[in-house]
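The values are calculated or read from the model by the stated rules, or taken from the named source; none is laboratory data. These numbers were taken from a predicted model, which means no experiment stands behind them. Cβ sites come from the backbone with ideal geometry, for glycine too, and all protein chains shown count toward neighbours. SASA here: full protein model, heavy atoms, side chains in, ligands and nucleic acids out. Shrake-Rupley method; radii C 1.70, N 1.55, O 1.52, S 1.80 Å.
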Amino acid sequence: MPRERGLDRRSWLQILQGIVLAVAALYFGKQVLLPLAMAVLLAFLLAPVVNWFERRRFGRVPSVVVVMAGIVSILGVIGWTVGSQLVDLAENLPTYEQNLKSKIASLRGSDNGVLKNLEQTVSEVSKEIEKKGDKNDSPAAEAGENGSRRLSAAQRSRAAAGGPLQPLSRPSPDGGPVEELEEAQLVRVVPEDASSWDVLKATLTSAAAPAASVGVVFVLVVFMLITREELRNRLVRLAGTGRITLTTKTLDEVQRRISRYLLMNALVNGGFGAAVGVGLLLMGVDYALLWGFLAAVLRFLPYVGPILASILPIGMAFIQTPFWGMMLMVIGLFIVLELVTNNLIEPLAYGRSAGVSTVAVLVAATFWTWIWGPVGLMLSVPMTVVLAVLGKHVPQLEPLGVLLGDEPALATDVNFYQRLLAGDQEEAYAILEEQLKQRPLVEVYDRVIIPALTLAERDRQEGELDEHEDFIWETTRELLEEMPPAMPAAESAEPAQADLERTLVVGCAAQDAADELALTMLKKLLAPQGCRLDIVPRVVLVSEMLELFAARMPDLVCISALGPGGVGQMRYLTKRIRLQFPDLKILVGRWGYSGDAQRMAASIKSRGASQVVTTMAEALEQIRCGTNVGGQELADRETHRG
């Protein structure tokens, strides 16, 4: 099994330099890159709709015009409806004043009310601050170098109440009687009323930049939809025709994932907003359509969107009536809808369409918010999907695929071996339990345990196990004993089953404990079928082993060799057994062998082996076939053993 090598120091340095340059470009190029990114994502979202019109024999340009006109019309209707409701809400806010006062009075009237305690705390803190300010207001502090004076706390209080100010005094420079100053006067600067032209100019100036960005995005989307094949071909040309397969796969996967994610996200969030609007309308909350629209829009923001979407409707329910029931109902509505959406609708709608891990989404949301602000938060998931796909297909960006993707970082066998190295027996067994729920025992042996032991054998030969070696063998042996037995054979098994129930197989390890563990697995697989497998201890010499074969007369001998080692011992043992027992069937198990299996099998058979297998499933099949002997021969063997 080839070893997966990590990146060297130079590669990591190059990646770090690339990340720094990319982050700097994203941060300082925000004004250019943000509209471009939004246009690309919108083009991915609208491309399937344009294709639908084209399949209905619309031309490319008419299809794009129809789609964009529909989008503008929908946004215009929504904008007019939301704007009118906002204006109406602003005009009617004073009508909710009495309800708000009633709720505050009910809070304040309670003996343990929150507002009462808060008001008392603020009052005490204010008094302490005023005391400290009076203590520091000494005549020396009031006298400045330029003759300026400050008002005392009492004078400020009288001024705030509209009363006259008392005259200030100061000591005379020569120590004589106190001089009285003129009465201090408060001066209020009143700005001039702005003209209509100034208001219009300020409004247009503040709206010019967002309007320009929206216009740029709109134009880019139109041209991207019209010339998307040309843009795709140019990207393929930039990547190089030598990488046309890689580039094509990358572009197709990016388009498929992002288009599906954006479409499903729009449908889910739109459905969420519609449910909020209908629910609030049934509850009697004012401006329910406005809150439903805001809920749909704000939910595009990961994590914080639903919380922000619930604040305004809850506040509306709070001020709309003097009672608390409506507000509690609105809170319950958002909780129920969010739970249903997160746990039922989103898993069904998204599935594995995004292909980004949950932790990656959290980190990406923080990163893109820092780079591009709130819009970056909304674009965080699609942008992260693009990076994850690039990391999956581009070798130079493989770390991005590992960090951002939702595929398991480690194969099951590697994960199992890593837990053994860490001494975590419980998690190692949990991995085996999870695998047993998905596949039969023989496949768990072949796909998880044997590859893991092969990795251990490789590390043992390279001197990397040290003190972990004995722990790994012993832990694996204990886990094998705790695992449930294999399922017994069905009654409708093939005719060889009857002979297999009286079969004796003797197993011998070629070299070490790993080879012996493989025989233990094979024994556990054969036991439910009535086949007996005796394992010869590793400490037994070859001459003693041959005497044991002569005494027991086994139907088959299985020589076990797991991992890259033990080849010489296996060949020597096979040759010795064949010389002394010419008719004995010899099965050699080269468990986990990943090289040229046919060439390896031919080499071992030339030394006397009857069959060579690399998996437990093959071994079971060969044992069934190899022990299918005649009834008289089987009876003679049973008599000799007796």
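Wholly within region 311-423, which helices (runs of 4 or more DSSP H) include no fewer than the required count, namely at least 2 residues that are touching an Asp or Glu at 6+ places or on another chain (Cβ under 9 Å) and either surrounded by 21 or more Cβ atoms within 10 Å (Cβ to Cβ) or not β-branched (Val, Ile, Thr) (or both)?
Working: elements: 325-340, 346-350, 358-393, 398-404, 412-421.
Per the criteria, 358-393, 412-421.
Run down Arg571, Arg607, Arg552, Arg599 and say which single residue is touching a residue at least 60 places away in the same chain (Cβ under 8 Å), of a type outside the set (Asp, Glu), out of contact with any Pro (no Cβ under 6 Å at 6 or more places or on another chain) and more than 28 Å from Leu479 (Cβ to Cβ).
On the way: Arg571 fails: touching a residue at least 60 places away in the same chain (Cβ under 8 Å); Arg607 fails: touching a residue at least 60 places away in the same chain (Cβ under 8 Å); Arg599 fails: touching a residue at least 60 places away in the same chain (Cβ under 8 Å).
After applying the criteria, what remains is Arg552.
Take the conditions in contact with a helix residue (DSSP H, G or I) (Cβ under 9 Å, 6 or more places away or on another chain), farther than 25 Å from Lys101 by Cα and without any contact (Cβ under 8 Å) to a residue 24 or more places away in the chain and apply them to Ile307. Does it pass? So Ile307 passes the test.
I'd like to know if region 17-30 contains one or more residues that are in contact (Cβ under 8 Å) with a residue 12 or more places away in the chain, loosely packed, with under 12 Cβ neighbours inside 10 Å and either under 16 Å from Val219 (Cα atoms) or within 36 Å of the chain's Cα centre (by Cα) (or both).
Our first condition is that a residue be in contact (Cβ under 8 Å) with a residue 12 or more places away in the chain; within region 17-30, this holds for 23, 26-27, 30.
Checking the rest, the ones that are also loosely packed, with under 12 Cβ neighbours inside 10 Å come to none.
No - not one qualifying residue is present in region 17-30.
Residues of region 424-474 being open to solvent by less than 40 Å² (accessible area, probe 1.4 Å) and not in a helix (DSSP H, G or I), which ones?
The one that is open to solvent by less than 40 Å² (accessible area, probe 1.4 Å) and not in a helix (DSSP H, G or I): Leu465.
One residue alone among Ile535, Ile586, Ile559 is open to solvent by 20 Å² or more (accessible area, probe 1.4 Å), in contact with a strand residue (DSSP E or B) (Cβ under 9 Å, 6 or more places away or on another chain) and not in a helix (DSSP H, G or I), and that residue is Ile535.
Is region 544-553 home to any residue that is more than 30 Å from Arg460 (Cα to Cα), modelled with pLDDT of 85 or more and in a loop (DSSP other than H, G, I, E, B)? Among the residues of region 544-553, at least one is more than 30 Å from Arg460 (Cα to Cα), modelled with pLDDT of 85 or more and in a loop (DSSP other than H, G, I, E, B), which makes the answer yes.
Whenever a residue of region 385-411 is over 17 Å from Gly18 (Cβ atoms), its partners that are among the hydroxyl-bearing types (Ser, Thr, Tyr) and not in a helix (DSSP H, G or I), lying with C-beta atoms within less than 7 angstrom and at least six residues away or across chains, give the pairs Gly405/Ser357; Asp406/Ser357.
Screening Ala527 on (1) under 15 Å from Ile623 (Cβ atoms); (2) in contact with a Leu (Cβ under 7 Å, 6 or more places away or on another chain) shows it passes everything except condition (2).
Kindly check whether there is at least one residue in region 43-66 that is closer than 27 Å to Leu377 by Cβ, of a type in the set (Phe, Trp, Tyr) and either assigned to a helix (DSSP H, G or I) or open to solvent by 70 Å² or more (accessible area, probe 1.4 Å) (or both). So that I can check it myself, show each step before the final result.
Of region 43-66, the ones closer than 27 Å to Leu377 by Cβ are 43-49.
Narrowing the set further to residues that are of a type in the set (Phe, Trp, Tyr) leaves 44.
Remaining after also requiring either assigned to a helix (DSSP H, G or I) or open to solvent by 70 Å² or more (accessible area, probe 1.4 Å) (or both): 44.
Yes: one or more hits.
Listed conditions (1) more than 26 Å from Glu443 (Cβ to Cβ); (2) open to solvent by 30 Å² or more (accessible area, probe 1.4 Å) are all met by Leu504, apart from (2).
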